[in-house]
Amino acid sequence: MIRNIIFDMGNVLLDFDPEAAVRRLPVEPTAQQFIKELLFASPEWVAFDRGDLTEEAVLQRLSARAPAELRDPLRELLHNWHETMIPLPGAKEFLQELKEKGFRLFVLSNASEQFWTYFPREIDVSLFDGVVVSCDVHLLKPDVRIYRHLLDTYSLDPNECLFIDDRADNLQGAEQVGIRGLVFEGDYDAVRKTVRI
């Protein structure tokens, strides 16, 4: 029986849309795309999520690879990209419904230190029985160690857990430690059917 529901954050609870973030920059579309690739496709972004680099360190490294005229927009994007992270339609209501039905709720997210700025702003953290963010434990999904960390930290039985992520590769690590996985495709009703509510 599923008693614990573990949520990825981006594109499961909050809308992660880099395109929306870069469109806010006051530069030409070609420059916007350059900055988007420079930031979100960089090894520094991965290291940021893993907690190995601070925001300032990421900015310094990426600025060295950017034209001088794009360094200010790059700084703006790095600092403010998460302003477009808003709850998916129905996310808040779904979490409340699950809580009222007695499920224990958890977050397991690949995210940087900025998570603690934007996530509590958009979602009531008190709904969750536990939160594990990659930057805090220096591990990234789908590394099996991050799933084991979650299980050990909150004394969870993997057979009673469902992990919901929008990326199938992230489910592989969960399934290796005995946690059932569900690929989220924007449909909370599919989750309701899985947990039979």
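If you go through region 13-51 and keep only what is surrounded by fewer than 18 Cβ atoms within 10 Å (Cβ to Cβ) and among the acidic types (Asp, Glu), you end up with Asp15, Asp17, Glu19, Glu28, Glu37.
Mind checking whether some residue in region 14-32 is outside the structural domain of Leu140 (by TED's automatic domain parsing), part of a helix (DSSP H, G or I) and polar (S, T, N, Q)? Yes; the residues of region 14-32 include at least one that is outside the structural domain of Leu140 (by TED's automatic domain parsing), part of a helix (DSSP H, G or I) and polar (S, T, N, Q).
Taking first residues from region 176-196 that are in a helix (DSSP H, G or I) and partners that are not small (Gly, Ala, Ser), the Cβ contacts under 6 Å between residues at least 6 apart in sequence or on separate chains come to Gln176/Val144; Tyr188/Phe94; Thr194/Leu182; Val195/Ile2. Scanning region 62-86 for residues that are within 15 Å of Trp45 (Cβ to Cβ) and in contact with a Ser or Thr (Cβ under 8 Å, 6 or more places away or on another chain) yields Leu62, Leu74, Arg75, His82.
Here region 94-149 is the region considered, the condition is being assigned to a helix (DSSP H, G or I) and of a type in the set (Val, Ile, Thr), and the residue that is nearest to Leu78 (Cα to Cα) is Thr117. Restricting attention to region 35-52, the residues that are in contact with a helix residue (DSSP H, G or I) (Cβ under 7 Å, 6 or more places away or on another chain) and either over 30 Å from Leu150 (Cα atoms) or in the same structural domain as Glu93 (by TED's automatic domain parsing) (or both) add up to 3. Assess whether Ile2 counts as being in contact with a strand residue (DSSP E or B) (Cβ under 6 Å, 6 or more places away or on another chain), surrounded by fewer than 18 Cβ atoms within 10 Å (Cβ to Cβ), under 25 Å from Tyr154 (Cβ atoms) and among the aliphatic types (A, V, I, L, M). Criteria met by Ile2. All of Arg65, Arg71, Arg104 fail the test of being surrounded by 15 or more Cβ atoms within 10 Å (Cβ to Cβ), modelled with pLDDT of 95 or more and not assigned by TED's automatic domain parsing to the domain that holds Asn170, apart from Arg71.
Each row is one residue, and each column tells you yes or no for (1) of a type in the set (Val, Ile, Thr); (2) buried (at least 16 other Cβ atoms within 10 Å of the Cβ).
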position	(1), (2)
Glu113	no, no
Tyr118	no, yes
Glu122	no, yes
Val133	yes, yes
Gly178	no, no
Tyr188	no, yes
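Contact map, region 96-119: residues that are more than 13 Å from Cys135 (Cα to Cα) paired with residues that are hydroxyl-bearing (Ser, Thr, Tyr) and part of a helix (DSSP H, G or I), Cβ distance under 9 Å, separation 6+ or inter-chain. Pairs shown: Glu97/Tyr188.
The values are calculated or read from the model by the stated rules, or taken from the named source; none is laboratory data. All values derive from a computational prediction rather than experimental measurement. Every residue, glycine among them, receives a Cβ derived from its backbone with ideal geometry; neighbour counts consider all protein chains shown.
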